[in-house]
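Asks: Got a structure for you, questions after.
The values are calculated or read from the model by the stated rules, or taken from the named source; none is laboratory data. Note that the structure is a prediction, hence the values are computed from the model and not measured. FYI the Cβ positions are ideal-geometry reconstructions off the backbone, even for glycines, and counts take in every protein chain you see. Surface accessibility is based on the protein's heavy atoms, side chains included, excluding ligands, DNA and RNA. Shrake-Rupley method; radii C 1.70, N 1.55, O 1.52, S 1.80 Å.
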Amino acid sequence: MALMILRRLGQLVGVLLVVTFVSYLLLNFLPGNTAAVIAGPYGTKASIAHISAQLHLNDPLPVRYFDWLRQLLQGNLGQSAFTHQPVGQALAQRLPCTLELILLSQLIALAVAVPLGIAAALRPGGWLDNVASTTAFGLLSMPAYVLGYVLVIIFAVNLHLFPATGYVPFNQAPLTNLHDMVLPSITLAVGSLAVYLRVLRAEMIATLSEDYITMAVAKGMPTWRILTRHALRPSTIALVTVAALNVGALFVGAFLAEYIFQLPGVGSLFIQSIESKDYLVIQGIVVVVAVAYVVLNFLADVAQPLIDPRLRGVRRLG
Amino acid sequence: MSPRRRVATDYPVDDGGPLLEVEDLTTAFRTPRGRLVAVDGVSLTLQPGTTLGVVGESGSGKTVLSRSIMRLLPQKGTETGGRVVFRGRELTPLSRKELRQIWGAEMAMIFQDPMTSLNPTMKLGRQITESLRYHLDMSRNEAREHAVALLRSVGIPTPERRLGEYPHQLSGGLRQRVTIAIALACGPRLLFADEPTTALDVTVQAQILDLLAAQQRERSMTMVLVTHDLSVVAGRTDEIAVMYAGRIVERAPTKVLFSKMKMPYTEALLASLPRADRPSHTPLKVIPGRPPDLVDPPKGCRFAPRCSYAQDKCLAEDPPLREASPGHVYACWFPVGTPAGRGALTANGRAAGAAPADPTLARSSP
Amino acid sequence: MADLVVEPILAADEVRAEAAGARPRRFKLTFWLAAGWMAAITFVAVFANLLPLPPPNKPLVGPPYSLPSWQYPLGTDELGRSMLSRVVFGARVSLEVGVAAIVIGLLVGGFFGLVAGYYRGKLDAVISAVANVMLAFPALIFAAALVAFLGPSLEVVILVIGVLSIAPLTRLVRATTLTHAGREFVLAARMMGYSSRRILFREVMPNVIPSAISFALVGMALAIVLEGALSFLGLSIRPPQPSWGNMIAEATQYLTQDAWLVICPSLFLFFTVLALNLGGDTFRAVFDVKESAL
């Protein structure tokens, strides 16, 4: 088991290297004089030269890359051409908001998907199952930038229940913060919810048809206990994999939600930077997101044996 | 959790009467193609401490029968009829909640494939102690000790260690032993063993069957052994019921069945067993054809289309269950070993131009 | 209380056999509705120029903020432009991107997937590694970054989305190929001495195609959503040229005045994506492609 993790770690490092390299290459796509473009419309000759030196733009590619990587590992992602704030710092400032959004949305998604999935699996083809599955399918077809505004139209503009924009940090005013986060979290939760519901329902149905569930029934175990203790765990194995794969879509949705609801998170920074052509910020965020995705998937992989004992590798045949 | 130990007042006094009485039990499923009658009017009686073998091909309804008796059927799309009386108490009108008191504690079942009847994500110990704690209200430690003793009694080495292991860490034979331990944990009076050895290696099969027999003796338990393989029930049952197309077509004490069988189907089943005393490369006598469609069964005797004794009467009229001797019933118009039967066989033999079936095959016991 | 005793009880073989006979109806009504919608949208988009519609960018075709009426079927926007025209030309953009991206994805990704899944070994390792790296970048983020760096235009968008759809399709086709290439009939063909290439194209590919189509339909939906997101962020076709995404983006300013301006393109986007998803799903159900082929 330990050997397996080590091997996976090796793979992880390899993938991370390639991923960071590809992110680095982005800069090379800039047409024209890279330093000038990065410096932006307000760049002076001095700043251009400074950037040029900083990024070693005159050196060969591998040198540039490794220097950039070294800087990256030290937390130095460059400076915003706009605000002159270090990119790393800007990200750190904005991260809590994004993380809170993601966390809340996943909580909502699971809180709805798990009970619904179980209930739907109990009577496949029943009315609850049909309604839930159809709704999930429909929701999957609704992108965040559509759903977000639909929610705003209904709940903010018409019903005045929740605000369309606005954000207060959690430690300052927890209740207001949560209130403001309702609509964005729901917008983000919906995509994950649909996916989790579908997977959980399918897995539950498959699990419930296994012999060991009938065996549990034949032991006289109550239904509730069978559902939670016997059936849930085997059904969540696939869920973890799917959740990990879903992280990419989650980032995308979070970024869009932040933009729609004007939350001060990493996503809105990203979008602003795109509009203002703040290239180093863009690159910085791309790297961070990609690395996060790879690491999360790695963690999900490692977590698999924790949930499914069959994957634990030690076999003692009696 | 209130104690759920077996309450004596739930049952009438054990007066030496039968443990189980099944009267005209019928189970039908509503399928897209129509109403499928899997168990069609089965009746039997079980005395305590005996072993009943239920034998039949796939599709004979033997599995559905054991589940019907235990009332372990899906509620949607299932119709049941008849009565099941267990220790003097009628099971038919009981609710699921009430049945849960019986399942595991009074009646238990072991399934065919130990690979799939154990939860792969749950430790073995938990799977055993669960019912101990639920039905017998044991504490965690009590249950644990009990579980270790159980595992030991089914012949599993180092039982303490096994408690913390998962099913995939054991071989097939050991897994089936664990399944048996789980089923027997709360000391049920009646055990249904549904093809307990079919998924196991031949070498292990005998061990498991011996284990079951030993446990039964020790616990004075009653057992129903369901299988398609006559050799499994040969020396291990007191009585055998042969099922075909949802009905019992012959029932007799074991020795009587093997020596004086009346139903041609039983004869054919016996004849299809591979025999060690025959020369090698003797072709296996398989029963030609397939079991009938249970949604729309044929008129008359259901085995007739495949029976080498069949006459016109068989195709038109359904033979009733008749008694040949006390404890031996069968349903056939032209039974084996009777003048009518022999006549039917030769008549068919002449008609088909083939030699009549070898009469010596059916006579010797396996 | 709920009923946990399900299928396995019915696994008494006689019943299982019966139940297996009743397969789902081939193509349901919802599928035909979806197909109809797609056909209509495609037709309208392709022949947009020939249709009797006012030019999409011409202001004051009618009074601004008009609600849908007989004269202006989908109403007018804040500048009095015909929503119907704009939506139709927006459809053109979405479909162009969707189809082009998927074609690129299928041709390139499908090819690599087939090769990787069939030949296995080092080739597979390399292709899979590259695909996994590409998949590490969440689509919109990478697409947005690339487009930002390369300069927004429709061609760039098509290229970027096309390239981004290669990796998922490679993975999916590879998985399907793996399942099929392991089957007995392939082994048999190999033993009979057929060349790998022949087996690949004659035996394996025809089995992979239904799943490829199913993925392609869903992929097209995703491509359209992605393009919508990009134009929403101002990274695709620039206003005044309409695309569903930038129509939504622009209309959010007037949300309180006329929500229809947001809802209209949203509906079209939603129905198109839904239709494609339904198509892909139906294909999967009919040809029995396992969802777990990921």
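Asks: What does the buried accessible surface come to for B and C, summed over both chains, with the probe at 1.4 Å? Round to 100 Å².
Replies: Adding both sides of the contact gives about 1300 Å².
Asks: For the pair B:Asp277/C:Ser196, report the inter-label distance in nm, with labels modelled 7 Å from Cα in the Cβ direction.
Replies: Each label point is offset 7 Å from its Cα along the Cβ direction, giving 6.0 nm.
Asks: On a 0 to 90° scale, report how tilted helix C:121-135 is relative to the longest principal axis of chain C, with both axes built from alpha carbons and the result rounded to the nearest 10.
Replies: Once rounded, one gets 30 degrees.
Asks: Also, I was wondering about something else. Given Cα pairs under 8 Å that are at least 6 residues apart, what percent is the relative contact order of chain B?
Replies: With pairs under 8 Å counted, the relative contact order is 18 percent.
Asks: May I pose another question? Please work out how much length the chain gains when fully extended from A:Leu3 to A:Ile154, using 0.36 nm per residue of separation minus the C-alpha to C-alpha distance, in nm with one decimal.
Replies: The span from A:Leu3 to A:Ile154 would gain 49.0 nm if fully extended.
Asks: Over chain C, average the accessible area per residue using a 1.4 Å probe and give it in Å², no decimals.
Replies: 45 Å²
Asks: I've got another one for you. For B:59-65, what's the mean count of beta carbons from other chains sitting within 10 Å of each residue's beta carbon?
Replies: The shielding value for this peptide is 4.
Asks: Separate question: Give the shape of chain A as rounded, prolate or oblate, defined through the alpha-carbon gyration tensor: a ≥ b ≥ c are the square roots of its eigenvalues, a/c under 1.5 means rounded, and otherwise the shape is prolate if a/b is larger than b/c and oblate if not.
Replies: Cα axes put chain A in the oblate bin.
Asks: Calculate the mean, over all residues of peptide B:68-74, of how many other protein chain Cβ atoms lie within 10 angstrom of the residue's Cβ.
Replies: Mean number of neighbouring Cβ atoms from other chains: 3.
Asks: Okay, moving on. In Å², what does the accessible area per residue of chain B work out to with a 1.4 Å probe?
Replies: 43 Å²
Asks: Now, a different point. Picking from B:Leu151, C:Ile104, C:Ser231, whose Cα lies most toward the positive end of the charge dipole for the protein assembly as shown (charges on Cβ: Lys, Arg +1; Asp, Glu -1)?
Replies: Selected residue: B:Leu151.
Asks: State whether the range B:126-197 is rounded, prolate or oblate according to the following rule on the C-alpha gyration tensor (a ≥ b ≥ c being the square roots of its eigenvalues): a/c under 1.5 gives rounded; otherwise a/b larger than b/c gives prolate, and the remaining case gives oblate.
Replies: Oblate is the answer for the range B:126-197, as a/c is 1.5 or above yet b/c matches or exceeds a/b.
Asks: Given labels modelled 7 Å from the Cα in the Cβ direction, how far is it in nm from A:Leu25 to B:Asp210?
Replies: My value for the distance between the label points is 6.8 nm.
Asks: Before anything else, pin down the relative contact order of chain A: Cα pairs under 8 Å, at least 6 apart, normalised by residue count, whole percent.
Replies: That works out to 26 percent.
Asks: Would you mind working out the magnitude of the charge dipole of chain B relative to its Cα centre, with +1 at each Lys and Arg C-beta and -1 at each Asp and Glu C-beta, to the nearest 20 Debye?
Replies: So the magnitude is around 440 debye.
Asks: Something else now. Once amide H atoms are built 1.01 Å from N in the peptide plane, which residues 5 or more positions from B:Thr31, or in another chain, come under 5 Å H to H?
Replies: Close amide H contacts, sequence-distant or interchain: B:Leu36.
Asks: Label the range A:199-268 by shape, choosing from rounded, prolate and oblate, from the square roots a ≥ b ≥ c of the eigenvalues of the Cα gyration tensor; if a/c is under 1.5 it is rounded, and otherwise prolate applies when a/b is larger than b/c, oblate when it is not.
Replies: It comes out prolate by the Cα gyration axes.
Asks: For the range B:197-212, take each phi angle, set θ = phi - 60°, evaluate the Karplus expression 6.51 cos²θ - 1.76 cosθ + 1.60, and give the result in whole Hz per residue in order, putting x for glycine and proline.
Replies: So the Karplus estimates, Gly and Pro as x, are 10, 4, 8, 10, 4, 4, 5, 7, 3, 4, 4, 5, 5, 4, 4, 4 Hz.
Asks: Let me ask another. Which Cα, out of A:Val287, A:Thr241, A:Gln272, lies furthest along the positive dipole direction of the range A:232-318 (beta carbon charges, K/R +1, D/E -1)?
Replies: With unit charges placed on the Cβ atoms, the residue in question is A:Thr241.
Asks: In debye to the nearest 20, how big a dipole does the range B:22-166 give about its Cα centre with +1 on each Lys and Arg Cβ and -1 on each Asp and Glu Cβ?
Replies: With Lys and Arg at +1 and Asp and Glu at -1, about 400 debye.
Asks: Dipole size in debye (nearest 20) for the range A:186-251 around its Cα centre, Lys and Arg Cβ +1, Asp and Glu Cβ -1?
Replies: 180 debye
Asks: What nm value, rounded to one decimal, do you get for the distance between C:Val130 and C:Val46 when each label is placed 7 Å out toward the C-beta?
Replies: Taking the two extended label points, one gets 3.3 nm.
Asks: Counting partner chain Cβ atoms within 10 Å of every residue's Cβ in A:203-215, what's the average?
Replies: 6
Asks: Please list, ordered by chain and number, the residues whose modelled amide H lies under 5 Å from the amide H of B:Met263; skip anything fewer than 5 residues away on the same chain.
Replies: The answer is B:Val336.
Asks: Further question: Ranked by accessible surface with a 1.4 Å probe, highest first, in what order do B:Met223, A:Met4 come?
Replies: Largest accessible area first, the residues go A:Met4, B:Met223.
Asks: Further question: With a length cut of 27 Å (Cα positions projected on each helix's long axis) and a Kyte-Doolittle mean of at least -1.0, go through chain A and give me the DSSP H helices that pass.
Replies: A:2-25, A:87-122, A:174-208, A:232-261, A:279-307
Asks: So, one more: Who wins for biggest fluctuation among C:Trp260, C:Trp32, C:Trp70 in a Gaussian network model of chain C, springs between alpha carbons below 10 Å?
Replies: Maximum among the listed residues: C:Trp70.
Asks: Tell me which chymotrypsin sites (Phe, Trp or Tyr not before Pro) from the range B:178-284 have a DSSP coil assignment and no more than 14 other beta carbons within 10 Å of their own.
Replies: none
Asks: Now, a different point. Could you work out the relative contact order of the range C:177-251, using alpha carbon pairs under 8 angstrom and six or more residues apart, expressed as a whole percent?
Replies: It rounds to 20 percent for the range C:177-251.
Asks: For A:Leu208, A:Leu306, what's the largest-to-smallest order of accessible area, 1.4 Å probe?
Replies: The residues order as A:Leu306, A:Leu208, largest area first.
Asks: Among the trypsin sites (Lys or Arg not before Pro) in the range C:175-227, which ones are in a DSSP loop with at most 15 other Cβ atoms within 10 Å of the Cβ? Mind listing them?
Replies: Hits after loop and neighbour filter: C:Arg183.
Asks: Over all alpha-carbon pairs of the protein assembly as shown, lay out the pair-distance distribution in 20 Å bins, whole %, shortest bin first.
Replies: Percent of Cα pairs in each bin: 11, 34, 30, 18, 6, 0.
Asks: Just need the Rg to Rh number for chain B, please, alpha carbons only, Kirkwood Rh.
Replies: Over the Cα atoms of chain B, Rg/Rh equals 1.00.
Asks: Right, something else. With a 1.4 Å probe and every protein chain left in place, tell me how much accessible area A:Val18 has, in Å² to the nearest 10.
Replies: The accessible area comes out at roughly 70 Å².
Asks: For the protein assembly as shown, with all protein chains present and a 1.4 Å probe, just round the carbon and sulfur fraction of the accessible area to a whole percent.
Replies: Ligands and nucleic acids excluded, carbon and sulfur give 62 percent.
Asks: At a 1.4 Å probe radius, which order do A:His179, A:His160, A:His50 fall into by accessible area, largest first?
Replies: Accessible-area ranking of A:His179, A:His160, A:His50, largest first: A:His160, A:His50, A:His179.
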